[in-house]
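Below is one structure; the comments refer to it alone.
The values are calculated or read from the model by the stated rules, or taken from the named source; none is laboratory data. This structure is a prediction, so every number in the text was calculated from the model and none was measured. When we count neighbours, we look across all protein chains shown, and the Cβ atoms used for this are built from the backbone with ideal geometry, even at glycine. For accessibility, only protein heavy atoms count, side chains too; no ligands or nucleic acids. Shrake-Rupley method; radii C 1.70, N 1.55, O 1.52, S 1.80 Å.
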Amino acid sequence: QVQLVESGGGLVQPGGSLRLSCAVSKTIGSPDILGWYRQAPGKQRELVALLTDGGIISYGRSVPGRFTISRDATANMLYLQMVNLQPEDTAVYYCHTRTGGDGKWGQGTQVTVSS
């Protein structure tokens with residue numbers, strides 16, 4: 001059963017913007033932590049941004065200040081707004097939730113930044 005579904009990826013030119021969305025299945029319940037990770041070709045998966053159920057936000061050290069994580073709890077949606085995208089942002093972006101000790105991953109959405 002698919003519980004996290006990402007969308008919004010695609011091909012964008014340097015300097016462009018994208019908003020990624022993650023639909024969180026109600027079967028997951030109320031996650032303690034929601035987040036975005038990314039994995040570039042030949043590299044390890046890395047943290048992009050985390051949002052706790054209490055509203056605390058943190059960003060990965062390699063993520064510039066051009067990314068913003070947000071949530072619509074009513075709609076069970078998680079978002080990642082990315083502006084001024086650069087080629088080094090090219091990666092597969094994954095949605096992640098953690099409820100207690102149970103972590104879930106989405107299938108990922110490809111973001112390619114290229115002219």
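Things to note:
- Value of relative contact order over the chain, rounded to a whole percent, pairs C-alpha under 8 Å and six or more apart: 37 percent
- Dipole magnitude of the chain about its Cα centre (Cβ charges: Lys, Arg +1; Asp, Glu -1), debye to nearest 20: 80 debye
- Extent along principal axes [Cα atoms of segment 10-115; Å; largest to smallest]: 41, 27, 23
- Solvent-accessible area per residue for the chain (1.4 angstrom probe, square angstrom): 52 Å²
- The stretch between SER58 and ALA23, if pulled fully straight at 0.36 nm per residue, gains 10.6 nm over its current Cα-Cα span.
- Spin-label model distance (nm) - VAL2 vs ASP102, 7 Å beyond Cα toward Cβ: 2.0 nm
- Overall, the accessible surface of the chain at a probe of 1.4 angstrom is composed of carbon and sulfur to the extent of 49 percent.
- Length released on extending from VAL83 to GLN39, taking residue separation times 0.36 nm less the Cα-Cα span: 14.0 nm
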